[in-house]
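What follows is a short report on a single structure.
No lab work stands behind these numbers, since they all come straight from the coordinates. All values derive from a computational prediction rather than experimental measurement. Cβ sites come from the backbone with ideal geometry, for glycine too, and all protein chains shown count toward neighbours.
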Amino acid sequence: MTIPTLLEVTQLQRGFGSGSERLEVLKGIDMEIVQGELVALMGPSGCGKSTLLNIIGGLLEGDSGDIRLGEMSFGTEKPAQLVQLRREGVGWIFQDFHLLAHLTALDNVALALELAGLEADEADQQAKEALIRVGLEDRIDHIPDQLSGGQQQRVAIARAIAGNRKMLLADEPTGNLDIATGEDILQLFKELCHREDDPLSILMVTHDPNLASQADRMLLLKDGTVAASDIRSAWGIGGEEE
Ligand SMILES: Nc1ncnc2c1ncn2[C@@H]1O[C@H](COP(=O)(O)OP(=O)(O)O)[C@@H](O)[C@H]1O
Ligand SMILES: [Mg+2]
């Protein structure tokens, strides 16, 4: 049985600035992610990891190249033309959670769904389901200040997966968490990607070789292109399987 490819990036290029100030950041990215895959993206600071995620997530346009996500095709379209991609295609998870401080966990998730066009009742129902899926059923009415960092990130993950998005883009999702909490978040990612029923795909930027080594696959972004990488040889760490 072949697993369907969810994301396909072909010869994606993107630079910034002009003339002698011009900086070519992405020089022809080719990559694929199948349904149910957890992929870690690593690479030196400033190499273009966030730029790549931003283009895949419809927050920035590429200069050239093609992206296919499910049935959506884009790549060089401006963000204003990619509303449907952001509403239904991808969910975002950031290092600093981006929760609204005065809203409960439920309302943080439901608001995103209402902004995407759902009726309030339906948004509440789907928000609740997403919060249950990330293990926060007993924190639904708490505001961010009443939650730990790991719990706040779980709210952000619930918001990203609510509404049946198939692809999650996580830009250093454990960057503000301690090691144990970061491990918990990685376990949750694995559960979401590896469950039988409707698995998600996650592209996760991380600087932590230990977390990256637990992903299904690791990509290294360097000199403007991506290559599959053997995490252990890339980082010179011991060869123990998890
Ligand atoms: N909007 C922008 N304008 C100009 N340069 C940018 C912009 N966004 C990113 N860059 C540059 O592109 C390069 C890659 O940035 P980024 O994708 O944030 O790297 P990473 O996430 O891997 O640390 C950096 O040199 C950065 O300064
Ligand atoms: Mg970055």
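Assorted remarks:
- Note on the stretch 14-147: with charges restricted to the Cβ of Lys and Arg (+1) and Asp and Glu (-1), its dipole about the Cα centre is near 620 debye.
- Within the chain, percent of DSSP bridges classed antiparallel, to nearest 5: 55
- Positive-end residue of LEU219, PRO199, GLY70, charge dipole of the stretch 5-231 with Cβ unit charges: LEU219
- Most mobile of GLU196, GLU77, GLU24 in a GNM of the chain (Cα contacts under 10 Å): GLU196
- Between LEU6 and ILE33, VAL34, GLN35, the built amide H atoms are under 5 Å apart, and every one of these is 5 or more places off in sequence or on another chain.
- Listed by Cβ neighbour count within 10 Å, with the fewest neighbours leading, ILE202, ILE132, ILE143 appear as ILE132, ILE143, ILE202.
- Counted charge near GLY17, where neighbours are those whose Cβ lies closer than 13 Å (Asp, Glu -1; Lys, Arg +1): -1
- Here THR174, THR10, THR2 are placed in order of increasing Cβ neighbour count within 10 Å, fewest first, which gives THR2, THR10, THR174.
- For the stretch 174-187, 3J(HN,Hα) per residue [Karplus equation, 6.51 cos²θ - 1.76 cosθ + 1.60, θ = phi - 60°, Hz, x = Gly/Pro]: 10, x, 9, 10, 6, 4, 5, 5, x, 4, 4, 5, 5, 4
- Each residue of the stretch 210-224 is assigned a 3J(HN,Hα), and the resulting list reads 5, 5, 4, 5, 8, 6, 5, 7, 10, 10, 10, 9, 8, 6, x Hz, derived from the Karplus form 6.51 cos²θ - 1.76 cosθ + 1.60 (θ = phi - 60°), x at Gly and Pro.
- Our coupling estimate for the stretch 80-89, obtained by passing each phi through the Karplus curve with A = 6.51, B = -1.76, C = 1.60 and θ = phi - 60°, is 4, 8, 10, 4, 5, 4, 6, 6, 10, x Hz, Gly and Pro reported as x.
- About the centre of its Cα atoms, the chain shows a dipole size close to 640 debye [charges on the beta carbon of Lys, Arg (+1) and Asp, Glu (-1) only; nearest 20 debye].
- Taking the charge dipole of the chain about its Cα centre, with +1 at Lys and Arg Cβ atoms and -1 at Asp and Glu Cβ atoms, the residue from ALA40, GLN81, VAL134 reaching farthest to the positive side is GLN81.
- Amide H within-cut-off set for LYS222, under 5 Å, with H built and near neighbours excluded: ALA227
- Taking amide H as placed 1.01 Å from N in the peptide plane, LEU168 has its amide H under 5 Å from the amide H of GLY91, SER201, ILE202, LEU203, each at least 5 places away in sequence or on another chain.
- Exposure rule at most 16 other beta-carbon atoms within 10 Å, DSSP loop trypsin sites (Lys or Arg not before Pro): the chain longest free segment: 23-194
- Candidate lysines for bridging to LYS49, where Cα separation is under 23 Å - those fewer than 8 sequence places away on the same chain excluded: LYS27, LYS78, LYS166, LYS190, LYS222
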